[in-house]
Every structure is written in C-alpha cells, then in structure tokens.
Amino acid sequence: MVQYMKRLFSYDGWANREFAIALESQDPTPQRSLRWLAHILSAERLWLERLENRKQTHAVWPEFSIRQCKSEIEDLSQLWREYLSTLDGAALLQQVNYKNSKGEPWTNQTQDILMHVIMHSAYHRGQIAADFRAAGVTPPYTDFIHGVRQGLVE
C-alpha cells in the first residue's frame with residue numbers, strides 16, 4: 001500500500017505541474033483557476049504538516065502567483081517523497097490527531113488522510129478543467145491512466 005501511495009503522489013505532482021504550465025500559458029491568467037491551484041497546494045502542505053505534527057504555514061486559500069505555485073509544486077513533490085519514504089504498512093494505520101481549519105479536533109488514519117489529499121486535489125483540478133472549458137480553452141489531459149500509459153507516473 002505504501003508503494004501505491006507513492007505512485008499516487010507521483011501522479012499528483014505531475015498533474016499539478018501540467019495545470020501550472022497550462023495556467024502560465026494563458027494571457028491573462030484565469031484568476032479563479034489560479035486560486036484553485038493555490039488552494040490545492042496549500043491544502044497539500046497543510047495535510048503534510050498535520051501528519052508531521054507541525055504548525056500550519058499557509059492560509060487554506062492563499063494568494064499565490066503562478067510562479068509561487070510552480071515553486072510550491074516542486075517543494076511539495078520532494079516533501080511528499082521524503083515523507084512517504086519513512087512509512088511502512090503499520091504507519092499507514094496509525095491514528096493522527098489534528099484540528100481542522102475550524103479548530104475542531106479530529107482523528108484519522110494516515111492512509112485515509114493520504115487518500116483525501118489525492119482526491120481533494122483531483123476534485124479541484126476538475127474545477128480548473130471546467131473553468132478552462134468555459135473559457136473555450138482545452139485543459140491539460142491529466143487522467144491518471146494517461147499518466148501511467150505515457151510513463152509519466154513513477
């Protein structure tokens with residue numbers, strides 16, 4: 001299961017990069033889409049910080065530039081690789097205590113948090129894709145199976 005999580009996070013980093021590149025190529029940059037991408041990245045960092053019992057460093061809905069998003073994508077890709085390399089099957093089942101953005105206390109298994117991160121990011125990338133289509137722009141093709149077929153997912 002740890003190996004599969006590594007694969008999902010490899011996919012996630014690739015898909016986020018594809019959307020950052022697509023956003024960067026738009027003139028002007030669609031601000032709603034940029035805001036969603038910034039939120040994806042901030043939420044990914046927030047969950048990693050919760051998993052590592054660290055203090056939150058970004059707002060949940062930050063005002064990032066496309067340049068900041070690209071930098072954050074690279075940072076997060078490395079940080080997730082490092083974090084996932086410390087896990088084993090037992091660690092995936094460990095309970096993590098944290099407070100959500102409303103200050104409410106919660107406890108979830110590590111594996112459920114990791115799956116949430118992947119699904120949350122995919123959900124918002126779908127919103128970005130819809131935003132692109134509404135503007136008459138073809139979004140990047142970031143389906144998981146496409147990334148696998150093309151050898152873009154480790």
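Brief remarks follow.
- Entry note, the chain: the mean residue ellipticity at 222 nm calculated from DSSP H runs of n ≥ 4, each adding -39500 (n - 2.57), is -21500 deg cm²/dmol after division by the residues and rounding to the nearest 500.
- Close amide H partners of Val96, meaning residues 5 or more places away or on another chain with modelled amide H under 5 Å apart, are Asn108, Gln109, Thr110.
- Whole-number percent relative contact order across the chain, with pairs defined as alpha carbons under 8 Å at least 6 apart: 35 percent
- Region 1-22-region 53-82 distance, computed between alpha-carbon centres (Å): 14 Å
- A crude spin-label estimate for the pair Lys99 and His120, with each label 7 Å from Cα along the Cβ direction, gives 1.7 nm.
- Whether region 1-86 is rounded, prolate or oblate, judged on the alpha carbon gyration tensor where a/c under 1.5 counts as rounded: oblate
- Hydrodynamic estimate: the Kirkwood radius of the chain over Cα pairs, inserted into Stokes-Einstein at 4 °C and 1.567 mPa s, corresponds to D of 81 µm²/s.
Bear in mind these aren't lab numbers, they're just calculated from the coordinates by the rules spelled out. This structure is a prediction, so every number in the text was calculated from the model and none was measured. No Cβ is skipped: glycine too gets one built from the backbone with ideal geometry, and neighbour counts run over all protein chains shown.
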